[in-house]
Amino acid sequence: MNNVIIIGSGCAGLTAAIYAGRANLKPIVIDGFEPGGQLSLTTMVENFPGFPDGILGPDLIENMRKQAQRFGAEFKSGAITDVDLSQRPFKITAGKDTYETLSLIIAAGATARLMGLESERKLIGYGVSTCATCDGYFFRGKDIAVVGGGDSAMEEANFLSRFASKVYLVHRRKEFRASKIMVDRARANEKIQFVTPVVVEEISDVTKGGVENMKLRNAETNETSTLPVEGVFIAIGHEPNTKVFRGKLDMDENGYLITQNGSQTKIPGVFAAGDVQDHRYKQAVTAAGSGCMAAIDAEKFLEAHPDR
């Protein structure tokens, strides 16, 4: 029987593990589909407090992991395949392994939607990004592209125009899902140029380890073209990793877990932290903060409900 199980090993899960470990709860951390979360896929992180010269994403995650282990956290590999939250102790299944726990912290994160190109995935962190707030600063004075047609794409294009010399907003249709006010704001920005209706065929150049251009195909004429850019920001949304909790916990229309009074879900003893419930901020520091909240909430819950 475990006091607390933490699902996910990104910033939220690892911070929860640090706090739960320091509370002598002997937390079990199940890595999940993406061990280390989205930070493990990025390069330099310059906006996490305490690192004036920045720190590599994988190094930050590794430091947090070691810190959690120092306080007694135990790590298990695997992804969650089923959960039974109908009664305490809760039952968590990861493949062939089943765990029982008196409390649960869900910090499974969200996965950025990608276009599905091999070159795109290979260049993540090397000119391809899914976070304008995280990486925009690195593209000062450069020509870049934002791929997407929703509000987030418009917002990121406007934000990136503070740094880039030119922002191409690339979308496969002439129409946009974004609200009219967001489209109008982007069109009014002289640094933003709309490129539609085009499909991204490839991002080059993987062999050189960086972005030099995008190969585009016109969705109406099938004509191909090359767009010279030094950075590509994918802004087609995120998928919270919550499928296994559907029908068991409250979610919004996009699948993000709904919390109240901090990190509490509708089931007493089940808490959520990080990008799995945050569709607005999606930053490492806010994920860490909510992981801290979830661990403290779990500790207080266990004090009030020490047994089954």
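Does residue 35 qualify as being touching a residue at least 24 places away in the same chain (Cβ under 8 Å), in the same structural domain as residue 291 (by TED's automatic domain parsing) and touching a strand residue (DSSP E or B) at 6+ places or on another chain (Cβ under 8 Å)?
No: the conditions fail for residue 35.
So which strands (runs of 3 or more DSSP E) are wholly in the range 197-308 and hold at least 1 residues that are among the small types (Gly, Ala, Ser) and out of contact with any Lys or Arg (no Cβ under 9 Å at 6 or more places or on another chain)?
The strands (runs of 3 or more DSSP E) meeting that bar are 270-272.
Residue check: is residue 108 crowded, with 24+ Cβ neighbours inside 10 Å and either under 20 Å from residue 195 (Cα atoms) or among the aromatic types (Phe, Trp, Tyr) (or both)?
No; evaluated as a whole, the condition is false for this residue.
With the requirement that a residue be in a loop (DSSP other than H, G, I, E, B), among the aromatic types (Phe, Trp, Tyr) and closer than 20 Å to residue 215 by Cβ, what does the range 124-168 give you?
Residue satisfying the conditions is 126 alone.
Tell me whether the range 129-139 contains one or more residues that are under 19 Å from residue 35 (Cα atoms), surrounded by 15 or more Cβ atoms within 10 Å (Cβ to Cβ) and either free of Cβ contacts under 8 Å to residues at least 60 places away in the same chain or in the same structural domain as residue 254 (by TED's automatic domain parsing) (or both).
The answer is no, given that none of the residues of the range 129-139 is under 19 Å from residue 35 (Cα atoms), surrounded by 15 or more Cβ atoms within 10 Å (Cβ to Cβ) and either free of Cβ contacts under 8 Å to residues at least 60 places away in the same chain or in the same structural domain as residue 254 (by TED's automatic domain parsing) (or both).
From the list 114, 160, 123, which one is surrounded by fewer than 17 Cβ atoms within 10 Å (Cβ to Cβ), in contact (Cβ under 8 Å) with a residue 24 or more places away in the chain and in contact with a helix residue (DSSP H, G or I) (Cβ under 9 Å, 6 or more places away or on another chain)?
Residue meeting the stated conditions: 114.
Please count how many residues of the range 33-56 are small (Gly, Ala, Ser) and under 13 Å from the mean Cα position of the chain (by Cα).
So the count comes out to 3.
Would you call residue 253 touching a residue at least 60 places away in the same chain (Cβ under 8 Å) and either within 30 Å of residue 87 (Cβ to Cβ) or surrounded by 17 or more Cβ atoms within 10 Å (Cβ to Cβ) (or both)?
no
Any residue in the range 247-265 that is farther than 30 Å from residue 163 by Cα and in the same structural domain as residue 139 (by TED's automatic domain parsing)?
no
Please go through (1) at pLDDT 95 or above; (2) over 25 Å from residue 49 (Cα atoms) for residue 235 and return the number of the only condition it doesn't satisfy.
Residue 235 satisfies every listed condition except (1).
How many residues does the range 22-80 contain that are within 24 Å of residue 238 (Cβ to Cβ), touching an Asp or Glu at 6+ places or on another chain (Cβ under 6 Å) and surrounded by 19 or more Cβ atoms within 10 Å (Cβ to Cβ)?
0
The values are calculated or read from the model by the stated rules, or taken from the named source; none is laboratory data. Just so it is clear, the model here is predicted, and its values are computed rather than measured. Neighbour counts run over all protein chains shown; Cβ positions are idealised from the backbone, glycine included.
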